[in-house]
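Undergrad: Can you read through this structure? Questions will come right after.
The values are calculated or read from the model by the stated rules, or taken from the named source; none is laboratory data. Worth saying up front: this structure is predicted, and the values here are computed from it rather than measured. Every residue, glycine among them, receives a Cβ derived from its backbone with ideal geometry; neighbour counts consider all protein chains shown.
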């Protein structure tokens, strides 16, 4: 096999590994952005955080939100907001760090955090 | 968990390994495993009674139905390079409701490795019964449409791999239907037209889900976590720690050829049972 073809196949393997690793990282982040409370489950995202902040600014104490199953869940806004806000930043910061590490990895073993022998 | 060994696969060893992962990653200590005298005796010899007790605080020993064992045979693969027909003993999984001593239970397969605490989202949930029909392969471009429905035009297939349930009247009725399907497989096979002769809990749970939803598709709520799975053509390369493994994934258009992936912080259904058995030492020491 020519060197050019070997290199092209190596690069294809690298891209497949990288794409899969990025998808895995995204899935892990989405899972960590799921928050369950009072029998309901919420996906922490910017609209939810913004909406809760708005309710908090209106001095509301309790409210009913629809969770991912569209079930009505009663929550204490202050506690809920504090929890989802801190979780959001914690998770997205970790995502950023891991994502940057992947972006800079140019070899399969670096994408996977292994040494050259695969150990 | 239910764990009944066959001639090649040590399911109880898988369940013990998984129990220790559950304790480490979720903090759950109340773990019940249903097994049989033969599987238990083998593991008492290889791992020791004390070790088993440390992993599982409630071990239930039942006798196997030998007739079922000899009739339910499936093809097991250890990558594309090796495969074998072996007994698949899964007949008592539908008894989980009666066997479980808990108000809330998460029923899982022994080979569904718990590498995160995401299942803790289930406790105290408003939904009394949850299981997934949606799944995601760990190699994102691989698809297998045969896993979506009982047959091409049939009902959606739910995965009995992970089931959350509370002890309520509704859930009791659900499990009664699952048992009815198990006891009358030929009738339900004709009605729902699942393919092949193998009895799978995925089929009986899907049929019960369909019936208990008023014969509507996808009527039972899904778990708040995604079900990630690998294929039995994949393998494990290395166990890094109690949340991280490196997997060999078979390329979809090149059987027998693999790429590597690092899987971290998400629970994973590993279909290649031999692969887990090869790495139990590493998992136990992780």
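Undergrad: Which of (1) touching a helix residue (DSSP H, G or I) at 6+ places or on another chain (Cβ under 6 Å); (2) within 22 Å of residue B:76 (Cβ to Cβ); (3) not in a loop (DSSP other than H, G, I, E, B) is the odd one out, the single condition residue B:9 does not satisfy?
TA: (3)
Undergrad: Something else: How many of the residues in the stretch B:251-286 are in contact with a helix residue (DSSP H, G or I) (Cβ under 8 Å, 6 or more places away or on another chain), in a loop (DSSP other than H, G, I, E, B) and within 14 Å of chain A (Cβ to nearest Cβ)?
TA: 3
Undergrad: How many residues does the stretch B:120-145 contain that are more than 13 Å from chain A (Cβ to nearest Cβ), part of a helix (DSSP H, G or I) and touching a residue at least 24 places away in the same chain (Cβ under 8 Å)?
TA: So the count comes out to 0.
Undergrad: Residue check: is residue B:248 over 28 Å from residue B:27 (Cβ atoms), within 14 Å of chain A (Cβ to nearest Cβ) and crowded, with 19+ Cβ neighbours inside 10 Å?
TA: Working: over 28 Å from residue B:27 (Cβ atoms): yes; within 14 Å of chain A (Cβ to nearest Cβ): yes; crowded, with 19+ Cβ neighbours inside 10 Å: yes.
Criteria met by residue B:248.
Undergrad: Let me ask something else. For residue B:237, indicate whether it is away from every other protein chain (no Cβ under 12 Å) and either crowded, with 16+ Cβ neighbours inside 10 Å or within 30 Å of residue B:26 (Cβ to Cβ) (or both). Give the derivation first.
TA: On the way: away from every other protein chain (no Cβ under 12 Å): no; either crowded, with 16+ Cβ neighbours inside 10 Å or within 30 Å of residue B:26 (Cβ to Cβ) (or both): yes.
In short, no.
Undergrad: Can you find a residue that is more than 27 Å from residue B:6 (Cβ to Cβ), at the interface with chain A (Cβ under 8 Å from one of its Cβ atoms) and touching a residue at least 60 places away in the same chain (Cβ under 8 Å) anywhere in the stretch B:110-119?
TA: Looking through the stretch B:110-119, at least one residue is more than 27 Å from residue B:6 (Cβ to Cβ), at the interface with chain A (Cβ under 8 Å from one of its Cβ atoms) and touching a residue at least 60 places away in the same chain (Cβ under 8 Å).
Undergrad: Name the single residue that is farthest from residue B:248 (Cα to Cα) among those in the stretch A:38-56 being crowded, with 18+ Cβ neighbours inside 10 Å and either at pLDDT below 95 or under 21 Å from the mean Cα position of the chain (by Cα) (or both). Step through it out loud before you land on a result.
TA: Here is the first cut: in the stretch A:38-56, the residues crowded, with 18+ Cβ neighbours inside 10 Å are A:40-42, A:44, A:48, A:52, A:55.
Remaining after also requiring either at pLDDT below 95 or under 21 Å from the mean Cα position of the chain (by Cα) (or both): A:40-42, A:44, A:48, A:52.
Working: A:40: 36, A:41: 33, A:42: 33, A:44: 32, A:48: 38, A:52: 43 Å.
Of everything passing the filter in the stretch A:38-56, A:52 is farthest from residue B:248 (Cα to Cα).
Undergrad: Now a separate question. Restricting attention to the stretch B:188-196, does a residue exist that is touching a residue at least 60 places away in the same chain (Cβ under 8 Å) and surrounded by 14 or more Cβ atoms within 10 Å (Cβ to Cβ)? Break it down into steps so the answer makes sense when it comes.
TA: Applying the first criterion (touching a residue at least 60 places away in the same chain (Cβ under 8 Å)) to the stretch B:188-196 yields none.
Checking the stretch B:188-196: not a single residue is touching a residue at least 60 places away in the same chain (Cβ under 8 Å) and surrounded by 14 or more Cβ atoms within 10 Å (Cβ to Cβ).
Undergrad: From the list B:52, B:28, exactly one residue is more than 21 Å from residue B:282 (Cβ to Cβ), modelled with pLDDT of 95 or more and over 17 Å from the mean Cα position of the chain (by Cα). Which is it?
TA: Numbers: B:52 fails: more than 21 Å from residue B:282 (Cβ to Cβ).
One residue alone meets the criteria, B:28.
Undergrad: Given the criteria within 14 Å of another protein chain (Cβ to nearest Cβ) and over 30 Å from residue A:40 (Cβ atoms), does residue B:180 qualify? Lay out the reasoning, then the answer.
TA: Numbers: within 14 Å of another protein chain (Cβ to nearest Cβ): no; over 30 Å from residue A:40 (Cβ atoms): yes.
Taking the combined requirement at face value, the residue does not satisfy it.
Undergrad: Counting just the residues of the stretch A:94-119 that are assigned to a helix (DSSP H, G or I) and away from chain B (no Cβ under 14 Å), which one comes out nearest to residue A:21 (Cα to Cα)?
TA: Across the stretch A:94-119, the extreme among qualifying residues is A:103.
Undergrad: Let me ask another. Counting only residues that are touching a strand residue (DSSP E or B) at 6+ places or on another chain (Cβ under 6 Å) and not in a loop (DSSP other than H, G, I, E, B), how many does the stretch B:199-235 have?
TA: Of the residues in the stretch B:199-235, 7 are touching a strand residue (DSSP E or B) at 6+ places or on another chain (Cβ under 6 Å) and not in a loop (DSSP other than H, G, I, E, B).
Undergrad: Only one residue in B:43, B:70 is closer than 30 Å to residue B:186 by Cβ, free of Cβ contacts under 8 Å to residues at least 60 places away in the same chain, in a helix (DSSP H, G or I) and touching a strand residue (DSSP E or B) at 6+ places or on another chain (Cβ under 9 Å), so which one is that? Steps first, please.
TA: On the way: B:43 fails: closer than 30 Å to residue B:186 by Cβ.
Going through B:43, B:70 in turn, just one is closer than 30 Å to residue B:186 by Cβ, free of Cβ contacts under 8 Å to residues at least 60 places away in the same chain, in a helix (DSSP H, G or I) and touching a strand residue (DSSP E or B) at 6+ places or on another chain (Cβ under 9 Å): B:70.
Undergrad: Within the stretch A:58-93, can you find the residues that are at negative phi, assigned to a loop (DSSP other than H, G, I, E, B) and out of contact with any helix residue (DSSP H, G or I) (no Cβ under 7 Å at 6 or more places or on another chain)?
TA: Going residue by residue through the stretch A:58-93, those that are at negative phi are A:58, A:60-69, A:71-93.
Of the ones still in play, those that are also assigned to a loop (DSSP other than H, G, I, E, B) are A:58, A:60-61, A:67-69, A:71.
Passing the criteria: A:58, A:67, A:68, A:69, A:71.
Undergrad: Go through the stretch B:149-183 residue by residue and tally those that are surrounded by 12 or more Cβ atoms within 10 Å (Cβ to Cβ), in a loop (DSSP other than H, G, I, E, B) and out of contact with any strand residue (DSSP E or B) (no Cβ under 7 Å at 6 or more places or on another chain).
TA: 5
Undergrad: Right, next: Is it fair to say residue B:75 is in a strand (DSSP E or B) and surrounded by 13 or more Cβ atoms within 10 Å (Cβ to Cβ)? Don't jump to the end; show me each part of the working.
TA: On the way: in a strand (DSSP E or B): yes; surrounded by 13 or more Cβ atoms within 10 Å (Cβ to Cβ): no.
Against the criterion (in a strand (DSSP E or B) and surrounded by 13 or more Cβ atoms within 10 Å (Cβ to Cβ)), residue B:75 does not qualify.
Undergrad: Also: Which of the following residues is within 24 Å of residue A:92 (Cβ to Cβ), in a helix (DSSP H, G or I) and more than 10 Å from every other protein chain (Cβ to nearest Cβ): A:5, A:55, A:9? So that I can check it myself, show each step before the final result.
TA: Numbers: A:5 fails: within 24 Å of residue A:92 (Cβ to Cβ); A:9 fails: within 24 Å of residue A:92 (Cβ to Cβ).
Being within 24 Å of residue A:92 (Cβ to Cβ), in a helix (DSSP H, G or I) and more than 10 Å from every other protein chain (Cβ to nearest Cβ) holds for just one of A:5, A:55, A:9, which is A:55.
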